[in-house]
Amino acid sequence: MTLPISFEFFPPKTDIGASKLLTVHEELSQLNPEFFSVTYGAGGSTRDRTLSTIDALRNKAVPVAPHLSCVGDTREKLGDLLQRYQGQGIRRLVALRGDLPSGQVGWGELPYAVDLVRFIRETTGDHFSIEVAAYPEMHPQAASFRQDVHNLVAKFDAGADSAITQFFFNAESYFHLVEQVQKAGVFKPIIPGIMPITNASNLIRFSDSCGADVPRWIRKQLADYGDDSASIQAFGHDVVAKLCERLMQGGAPGLHFYTMNQTQPTVALVEELGLAGC
Ligand code: FAD
């Protein structure tokens, strides 16, 4: 089956992490993804590490897409980054608002992702293909689901080409979001973000912080496995593979994997789904 896949990395904190990431990148490149993306800490908190990760990956066969967040940053700094990426021949960005790191105050000159999308289009025209974030279970700060859909539509109208979702485990929430966006007259791709389950406490901590729901039946079974990481990984693989199958059957236009800078869980899923080397 042919379905575009893409992989997300975070910028490593140490030299050992950076060198390990090169190996992970090489292994995941074998699966023929459309692109790798690299996250960016809001307010520029990972700026140097994101830039050095992009530098390390940008001359490889698979294109790399930097994430760029606007909250707490100035037009000037964001413009410098755009110029740098443009000069490096990068053609895709993931444009986000971001969350201000604790202690940092001031929303900056571009308070929402829609403002960043407009800014990118104003300053660089059609050079970049722009991805934005979407939330099947609603962004935690949104006033309502309707307002969140309206915001996603506004990001598309401002010039975003496609969206990648926050991770989720309930396929119906994704289909509902796609339906609502299409009802608003937008038919651009909304790619499900897929989080492999490998570690119960990390998953629960992460989902609590970003407002993604881990259903009770998954939480309970993860709790039952305690420290038995082999069983957690086998169960997690099964749950996420079934979710991906359901999304593919329902017409998802691609899958974006949150790799957590690891090879094995993502490779196992991609191979089981028959998407390797498409
Ligand atoms: P926005 O689209 O601006 O929305 C933020 C909130 O504001 C929503 O609740 C929206 O409904 C509301 N809103 C929008 N416009 C208005 C308005 N005019 N008035 C009132 N409310 C409004 N974070 C990082 O820091 N770095 C990353 O690299 C990163 N990568 C991500 C990748 C993906 C695929 C996803 C899904 C998320 C990522 N995040 C990242 C997290 C993201 O930055 C946070 O979820 C952040 O809180 C919102 O970003 P956004 O781009 O969705 O913001």
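The values are calculated or read from the model by the stated rules, or taken from the named source; none is laboratory data. It should be emphasised that the depicted structure is a prediction, and the values quoted were computed from it without experimental measurement. Heads up, the Cβs are rebuilt from the backbone with ideal geometry, glycines too, and the neighbour counts pull from every protein chain shown. These accessible areas exclude ligands, DNA and RNA; they are computed on the full protein's heavy atoms, side chains included. Shrake-Rupley method; radii C 1.70, N 1.55, O 1.52, S 1.80 Å.
Numbers for the structure displayed
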| read-out | value |
| --- | --- |
| Residue list for segment 81-114, restricted to those being of a type in the set (Asp, Glu) and more than 13 Å from the ligand (Cβ to nearest atom) | 109 |
| Residue count, segment 115-137 (criterion: open to solvent by 20 Å² or more (accessible area, probe 1.4 Å) and within 13 Å of the ligand (Cβ to nearest atom)) | 4 |
| Residues within segment 243-260 that are farther than 17 Å from residue 7 by Cα and either in contact with a His (Cβ under 9 Å, 6 or more places away or on another chain) or open to solvent by 60 Å² or more (accessible area, probe 1.4 Å) (or both), tallied | 3 |
| Residue list for segment 58-73, filter: buried (at least 18 other Cβ atoms within 10 Å of the Cβ) and among the small types (Gly, Ala, Ser) | 65, 69, 72 |
| Unmet requirement for residue 76, which otherwise passes all of (1) away from the ligand (no atom under 14 Å from the Cβ); (2) touching a residue at least 24 places away in the same chain (Cβ under 8 Å) | (2) |
| Residue within segment 45-57 that is at pLDDT 95 or above, within 11 Å of the ligand (Cβ to nearest atom) and buried (at least 22 other Cβ atoms within 10 Å of the Cβ) present | yes |
| Residue that is farthest from residue 255 (Cα to Cα), among those in segment 94-108 that are touching a helix residue (DSSP H, G or I) at 6+ places or on another chain (Cβ under 8 Å) and surrounded by fewer than 16 Cβ atoms within 10 Å (Cβ to Cβ) | 104 |
| So residue 213, is it touching a residue at least 40 places away in the same chain (Cβ under 8 Å) and over 21 Å from residue 6 (Cα atoms) | yes |
